[in-house]
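Here the structure is laid out as structure tokens; the discussion comes afterwards.
The values are calculated or read from the model by the stated rules, or taken from the named source; none is laboratory data. Here the structure is a predicted model, which means the values were calculated and not measured. Glycine gets a Cβ as well: all are built from the backbone with ideal geometry, and neighbour counts include every protein chain shown.
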Amino acid sequence: MQGRLKSDGLRLQKSLQWYIKMKSKFSTNWKASKHPRKQRKYRANAPLHLRKKFVNVNLSKELRKKQNKRSIQIKKGDKVKIMRGGFKGKVGKILEVNIKKSKVIVEGIQVKKQDGSKVNIKLQPSNLQIIELSERLKKTESEQRPEGHKKVSIRSPKTSNETKPAEIKDSLKKIKTKKAEPNAEVKK
């Protein structure tokens, strides 16, 4: 009887240790796992800056050649084709991208409710394909900065052509002699 209780205690202890390990929300050290539960946990608790990657959608063959990428993050205004599900083959523009839920709403993809009203369907990005991209302008540094704001360099300014190495050496010698003179007076 006692042996049985000991094993039950060990089982309980191990399950509590497992619970404490799994309790933490998100591990930045997590690399990969074969276990589906750990993969689900990673996706469910991932912070928003990583969830952005979950809304990547594959590109059509023409866009793949043009962009030199297989998939790209979806953006409001992109034209997509639905590849899976009941709306397979339909085309529409993206109305909304919900990064938190990893869902996308496409224009014209609606379901009729029992009371007669229509509701947009939230689709998974993996079931879509981008046919046409909306404007994706990368701003240059000058456009990103507000007006009147100048770029400030943190590095020390480079020596210009006007200052010669000989002049720099002379100024360094003067500084060294000034530092050496007060020490000489203190010794006397």
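Going by the conditions given, is LYS101 at pLDDT 95 or above and surrounded by 10 or more Cβ atoms within 10 Å (Cβ to Cβ)? No. Return a yes/no flag: does the stretch 31-51 have any residue that is within 21 Å of the chain's Cα centre (by Cα) and of a type in the set (Phe, Trp, Tyr). For the stretch 31-51, residues within 21 Å of the chain's Cα centre (by Cα) and of a type in the set (Phe, Trp, Tyr): present. Of all residues in the stretch 95-123, those satisfying the criterion of being among the β-branched types (Val, Ile, Thr) and without any contact (Cβ under 8 Å) to a residue 24 or more places away in the chain are ILE105, VAL111, VAL119.
Residue selection: GLY77 satisfies the criterion of being surrounded by 13 or more Cβ atoms within 10 Å (Cβ to Cβ), assigned to a loop (DSSP other than H, G, I, E, B) and on the phi > 0 side of the Ramachandran plot. Restricting attention to the stretch 24-70 and to residues that are polar (S, T, N, Q) and surrounded by 11 or more Cβ atoms within 10 Å (Cβ to Cβ), the residue that is nearest to ILE131 (Cα to Cα) turns out to be SER60.
Residues checked against (1) over 29 Å from GLY108 (Cα atoms); (2) at pLDDT below 95; (3) in contact with a Phe, Trp or Tyr (Cβ under 8 Å, 6 or more places away or on another chain):
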position	(1), (2), (3)
PHE26	yes, yes, yes
TRP30	yes, yes, yes
PRO36	yes, yes, no
ARG51	no, yes, no
VAL55	no, yes, no
SER71	no, yes, no
